[in-house]
Protein chains: 2
Amino acid sequence: MGSLEKQELSDKVKVAPGPTIIDPEKVLERIDGLFASDLLPQNPAHFEETKLFLQQVVEILISYIKEEYDPNSKILEFHHPLEMAQIIDLSIPDKPMELTKLLQCCRDVLKLGVRTGHPRFFNQISCGLDLVSMAGEWLTATCNTNMFTYEIAPVFILMEKEIIQRMIELIGWPAGEGDAIFSPGGAIANLYAMNAARHHHFPRAKPLGMTSVPTLCAFTSEDCHYSIKGAAAVLGIGTDNCFSIPTDYDGRMIPEALEQKILKCKSEGLYPFFVCATAGTTVYGSWDPLPQIADVCARHKVWMHVDAAWGGGLLLSPEHRHKLAGIERAQSVTWNPHKLMGALLQCSAIFIRYEGLLFQTNQQSADYLFQQDKPYDCNYDTGDKAMQCGRHNDIFKLWLMWRSKGMEGYRRQINRLMQLASYFTQKIQNTEGYEMVINQPQFLNVCFWYVPQSLRDLDPKEKAARLEKIAPKIKQKMMERGTTMVGYQPDLDKKRPNFFRMIISNQAITEADLDFLVDEIIRIGKDL
Amino acid sequence: MGSLEKQELSDKVKVAPGPTIIDPEKVLERIDGLFASDLLPQNPAHFEETKLFLQQVVEILISYIKEEYDPNSKILEFHHPLEMAQIIDLSIPDKPMELTKLLQCCRDVLKLGVRTGHPRFFNQISCGLDLVSMAGEWLTATCNTNMFTYEIAPVFILMEKEIIQRMIELIGWPAGEGDAIFSPGGAIANLYAMNAARHHHFPRAKPLGMTSVPTLCAFTSEDCHYSIKGAAAVLGIGTDNCFSIPTDYDGRMIPEALEQKILKCKSEGLYPFFVCATAGTTVYGSWDPLPQIADVCARHKVWMHVDAAWGGGLLLSPEHRHKLAGIERAQSVTWNPHKLMGALLQCSAIFIRYEGLLFQTNQQSADYLFQQDKPYDCNYDTGDKAMQCGRHNDIFKLWLMWRSKGMEGYRRQINRLMQLASYFTQKIQNTEGYEMVINQPQFLNVCFWYVPQSLRDLDPKEKAARLEKIAPKIKQKMMERGTTMVGYQPDLDKKRPNFFRMIISNQAITEADLDFLVDEIIRIGKDL
């Protein structure tokens, strides 16, 4: 039967009925004075009005998208919190609000928000608005289903399986190994990993708690994401038992220091069970040396986790994936398609090498969801692998987007971003007043200082002290002008004063946008 | 300045440009042969094509909505997993897929999915598709921002504050008390609560881990949600240290049994720190006696958490909120607006009574996000209160929907659902072949058996044994017919064989839909 229906499905490439042709002037009239309770499902006779309302929302969104992609439009209209609270009324009324008022709410909120998809927004690791992924999220919203069982999400469950399989192949685990689940962000994914590692070492901790096992300790680089320490706190391991291993000048974990620390912990009676290596660190975009770390982990029988939340997407580029060599030796991997791959927030996956471990770690076997007398193969129900009960469908927006690009499209897109990062690096290196924090960035993070004329001849200590205040000042003016956004932070471990961290991950970015940032910082900062 | 701009905003109630008037036949032609890379942002000249593509997606979604709300349409087209994998090709291609193919993917996925918003879908606690909330989620997708800082989500951060304040008032905590954060689902919200309780009792567990504190134990009813045990597992407390307190016939925790168990644990050297009372249990919709539980907690200085994930919405009904009396004595509350309030998945909040505790429990102070030298009041940054780093914007869809109803609209909607539950209860009580599991349901869950003729005169033991297999059989046929869906499960504690759990939470439900279910089960089951 399968093939027949397949045929039937693919033959049906028919046009959905086009937009209703109504004089735009009359649109508002038609829904004027109506409330949500006048639409479907409460009023089944008002299908046309329901449609008009939704189309109006979409018109507003499409106008916003047009503006967002215009490099000359502003990114934000900055207001301090108390001012903002004056400008926009956010209160909940006693009476329902009319549909036309709700449309106005949408416009106001968009007007006052930050356009994170703007080609000159370089502030965060997850940037850009992929329109196919967005369309996917619109459909996801309309389906409004939950990922715990095949029963209520049959296609999405199979889709998740398919995508997981493809991602596991990219990680490079042997056929038949590996399991995964999509989770609400990288921090929770890292929590899953550390929890699975604990369960792997000490399954009795699940029923009996941490007082039944030795004092566990974990290791991560000093440049890792803060969620690793967070996971140690939540799991009852303790942040003091999660040790920061020093990194080299370029922000890569030093494997010898890791091994020394593991030996020291063992000698002190602690039980080393977990190492987190980072593939693409948050600030510098550095790559911990995975093969050497894997060797250390193998020698000491410690679980190796790779936090590739940011860097994982590079596995899609045959030209650049060598930076992740060694990831196939990990026991677990975090990989966020909402970062480099550009899926809408949130889209994050945790991969665990051992089949069945996610299930054993997390299952609670709720009778009301995971009955074993269901009419289909219950192994397709994913809920008992999850820490969550209800789980948002994060797969469709990724699947549709991936199909829209194919493997080739991703390869092109990611290689292009890497080229842009080289371009920007050269620009910074060759522009007066700029200094690189790390000379040769390894990824799409480019960290730099802008040094105003007045600081250039100071002695290093005073220069550093004054530099600390420059980035915040420039950032403030940048936000007030609303022209561009880029993040900054200090590196306390390496005593580097506040510097800018440029992130080039939005496919909308062009060389002109990068040039603009360089010029804009000079405009703002030259007289500081 | 505030008031002027406010004026300006509210004056601008203007029509967005209406749908472009293009002959529907020509729509497909215009995007025929194009790929995602031909749209914005890659091809800025193709704004019209981009718009057409998005409008086509929306047309597909609107057709789906129309069908979903038609009670006579099917809820699903059931296929076993392996069959389904034959019917729909989910693979990722090497080459990009054309836009028209992507539109077809959308249609196929919708066709093969389960219509959870259908008025005859009674399968889950979160049912229904509120179209304003859906429109809100579409906007959220287009904004694609992250909730960790005011810097990149100024309006949404203030909106979350406003809604949290309103919800705290409904809980009834005194002015100035209470803090909250939106979290990805009730299970994670419950994890937040137990973690905050641990931190409140033993802040040293965060740096030093669980080996530094006494053996903690927690208490919850045997009818609680399974995520409470899950939280005990994750936190390293151990599921065996999370004790199930018996419930009465109607599924309510017995407070005397709770107190006895607390005393017993103390005498055995355990440290009782956390009690979870459930307001609206998952299966029976029962209400644990909050005032009595609060008394027990107060006597023993144990943290009282109320899991009102499901029942919290009843606080919006002045007529029914008395069922939650005593919730104001809790130290923490889980409340999921994606359940009774009908917000799209996911929308869940955790409320903690003590200001600052969420922050103290979860903060890791990442330099790159939560700089203290920002140009605005950093107390508005919520990221350091969260267990997550990136956090999805779950507030806008709730805010817009709430505005669309106002307090009055919610009151009406929730009272109406309670009426429908009474109607359905009477119908079950008065229809031959049906038996109630609990005679007087307390909420929107109605649990019942359908007893086919052939079982009615059996002795109780054999009847129970045969009844165990009836619900799964009826459910299977129901799914094959695709006409309606309702969940079932046994109650192992109370030795009740498989029964149906009806959930009446979709605002689209009418009496006719409830009648249909009763008749359909008879049609399917009478000859079993």
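The values are calculated or read from the model by the stated rules, or taken from the named source; none is laboratory data. These numbers were taken from a predicted model, which means no experiment stands behind them. Positions of Cβ are generated from backbone atoms using ideal geometry, with glycine treated the same way; all protein chains shown enter the neighbour counts.
Which members of region A:363-395 meet the condition of being part of a helix (DSSP H, G or I) and more than 7 Å from every other protein chain (Cβ to nearest Cβ)? Listed by number, the residues that qualify are A:CYS378, A:ASN379, A:GLY383, A:ASP384, A:LYS385.
Here is a yes/no grid of residues against (1) in contact with a helix residue (DSSP H, G or I) (Cβ under 6 Å, 6 or more places away or on another chain); (2) closer than 29 Å to A:ASP32 by Cα; (3) modelled with pLDDT of 95 or more; (4) outside any helix (DSSP H, G or I):
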{"position": "B:GLU5", "(1), (2), (3), (4)": "yes, yes, no, no"}
{"position": "B:VAL15", "(1), (2), (3), (4)": "yes, yes, no, yes"}
{"position": "B:ILE22", "(1), (2), (3), (4)": "no, yes, no, yes"}
{"position": "B:LYS26", "(1), (2), (3), (4)": "no, no, no, no"}
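Selection of region B:37-69 for residues being within 23 Å of B:THR116 (Cα to Cα) and either aromatic (Phe, Trp, Tyr) or more than 8 Å from chain A (Cβ to nearest Cβ) (or both) yields B:TYR64, B:GLU67, B:GLU68, B:TYR69. Scanning region B:87-106 for residues that are touching a residue at least 12 places away in the same chain (Cβ under 8 Å) and within 7 Å of chain A (Cβ to nearest Cβ) turns up B:ILE87, B:ILE88, B:PRO96, B:MET97, B:THR100, B:LEU102, B:CYS106. Taken over region B:200-210, the criterion of being at the interface with chain A (Cβ under 9 Å from one of its Cβ atoms) and crowded, with 19+ Cβ neighbours inside 10 Å is satisfied by B:ALA205, B:LYS206, B:GLY209, B:MET210.
Scanning region A:346-353 for any residue that is over 23 Å from B:GLN388 (Cβ atoms) and either without any contact (Cβ under 8 Å) to a residue 12 or more places away in the chain or of a type outside the set (Ser, Thr, Tyr) (or both) turns up at least one such residue.
Let's see how each residue does on (1) under 30 Å from A:GLU59 (Cβ atoms); (2) at pLDDT 95 or above:
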position	(1), (2)
B:ASN146	yes, no
B:GLU160	yes, yes
B:GLN165	no, yes
B:ALA180	no, yes
B:HIS199	no, yes
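Within region A:468-482, restricting attention to residues that are more than 8 Å from chain B (Cβ to nearest Cβ) and in contact with a Leu (Cβ under 8 Å, 6 or more places away or on another chain), the residue that is nearest to A:ASN498 (Cα to Cα) is A:ILE470.
Of the set (1) more than 7 Å from every other protein chain (Cβ to nearest Cβ); (2) under 19 Å from A:ASP381 (Cα atoms), all apply to B:ARG120 but (2).
When restricted to residues that are part of a loop (DSSP other than H, G, I, E, B) and either crowded, with 16+ Cβ neighbours inside 10 Å or of a type in the set (Lys, Arg) (or both), region A:74-92 contains 9. If you go through region A:330-348 and keep only what is within 15 Å of A:PHE274 (Cβ to Cβ) and not in a loop (DSSP other than H, G, I, E, B), you end up with A:SER332, A:VAL333, A:THR334.
Could you tell me whether B:LEU345 is crowded, with 24+ Cβ neighbours inside 10 Å, more than 30 Å from A:LYS95 (Cα to Cα) and not acidic (Asp, Glu)?
Answer is no for this residue.
Condition first: touching a Lys or Arg at 6+ places or on another chain (Cβ under 6 Å) and over 30 Å from A:LEU216 (Cα atoms). Now tell me which residues in region A:317-355 satisfy that. A:SER317, A:ALA343, A:LEU344, listed by residue number. Number of residues in region B:406-444 that are within 14 Å of chain A (Cβ to nearest Cβ) and without any contact (Cβ under 8 Å) to a residue 60 or more places away in the chain equals 4.
Yes or no: region A:500-514 includes at least one residue that is over 24 Å from A:GLY280 (Cα atoms) and touching a residue at least 12 places away in the same chain (Cβ under 8 Å). First the steps, then the outcome.
First, pick out the residues of region A:500-514 that are over 24 Å from A:GLY280 (Cα atoms): A:512.
Now drop any that are not touching a residue at least 12 places away in the same chain (Cβ under 8 Å), which leaves A:512.
Within region A:500-514, one or more residues are over 24 Å from A:GLY280 (Cα atoms) and touching a residue at least 12 places away in the same chain (Cβ under 8 Å).
So in region B:330-362, with the set limited to residues that are of a type in the set (Gly, Ala, Ser) and more than 14 Å from chain A (Cβ to nearest Cβ), which one is nearest to B:GLN124 (Cα to Cα)? The qualifying residue nearest to B:GLN124 (Cα to Cα) is B:SER332. Is it the case, given these coordinates, that B:PHE156 is touching a Cys at 6+ places or on another chain (Cβ under 7 Å) and in contact (Cβ under 8 Å) with a residue 40 or more places away in the chain? For B:PHE156, the condition - touching a Cys at 6+ places or on another chain (Cβ under 7 Å) and in contact (Cβ under 8 Å) with a residue 40 or more places away in the chain - is not met.
Screening B:LEU131 on (1) within 30 Å of B:SER183 (Cβ to Cβ); (2) more than 21 Å from the chain's Cα centre (by Cα); (3) surrounded by 22 or more Cβ atoms within 10 Å (Cβ to Cβ) shows it passes everything except condition (2). Restricting attention to region A:218-227, which residues are within 9 Å of chain B (Cβ to nearest Cβ) and either among the hydrophobic types (A, V, I, L, M, F, W, C) or buried (at least 24 other Cβ atoms within 10 Å of the Cβ) (or both)? Listed by number, the residues that qualify are A:HIS225, A:SER227.
Quick one: count up the residues across region A:127-146 that are facing chain B (nearest Cβ under 7 Å) and touching a residue at least 60 places away in the same chain (Cβ under 8 Å).
Qualifying residue count, region A:127-146: 10.
A residue that is over 23 Å from A:THR361 (Cβ atoms), in contact with a Leu (Cβ under 6 Å, 6 or more places away or on another chain) and either of a type in the set (Gly, Ala, Ser) or surrounded by 24 or more Cβ atoms within 10 Å (Cβ to Cβ) (or both) can be found somewhere in region A:245-263. All but one of (1) in contact (Cβ under 8 Å) with a residue 40 or more places away in the chain; (2) facing another protein chain (nearest Cβ under 8 Å); (3) surrounded by fewer than 24 Cβ atoms within 10 Å (Cβ to Cβ) hold for A:PRO214; state the number of the condition that does not hold. So A:PRO214 meets the others, but not (2). Of the residues making up region B:45-85, just one is among the β-branched types (Val, Ile, Thr) and over 20 Å from B:TRP138 (Cβ atoms), namely B:ILE75. Pull out all pairs, ordered by first then second residue, where Cβ-Cβ is under 7 Å, the residues are six or more apart or on different chains, the first lies in region A:451-476 and is under 16 Å from B:ASP373 (Cα atoms), and the second is in a helix (DSSP H, G or I). Listed pairs, sorted by first residue: A:ARG466/A:LEU455; A:LEU467/A:LEU455; A:ILE470/A:GLY525; A:ILE474/A:ILE521; A:ILE474/A:ILE524; A:ILE474/A:GLY525. The set of residues in region A:483-522 being part of a helix (DSSP H, G or I) and away from chain B (no Cβ under 11 Å) consists of A:GLU511, A:ALA512, A:LEU514, A:ASP515, A:PHE516, A:LEU517, A:VAL518, A:ASP519, A:GLU520, A:ILE521, A:ILE522. The test for being at positive phi and either buried (at least 24 other Cβ atoms within 10 Å of the Cβ) or in contact with an Asp or Glu (Cβ under 7 Å, 6 or more places away or on another chain) (or both) does not hold for A:GLY230. Just name the residue that is nearest to the other protein chains (Cβ to nearest Cβ) out of those in region B:149-168 that are touching an Asp or Glu at 6+ places or on another chain (Cβ under 9 Å) and closer than 14 Å to B:ASP179 by Cα. Of everything passing the filter in region B:149-168, B:ILE157 is nearest to the other protein chains (Cβ to nearest Cβ).
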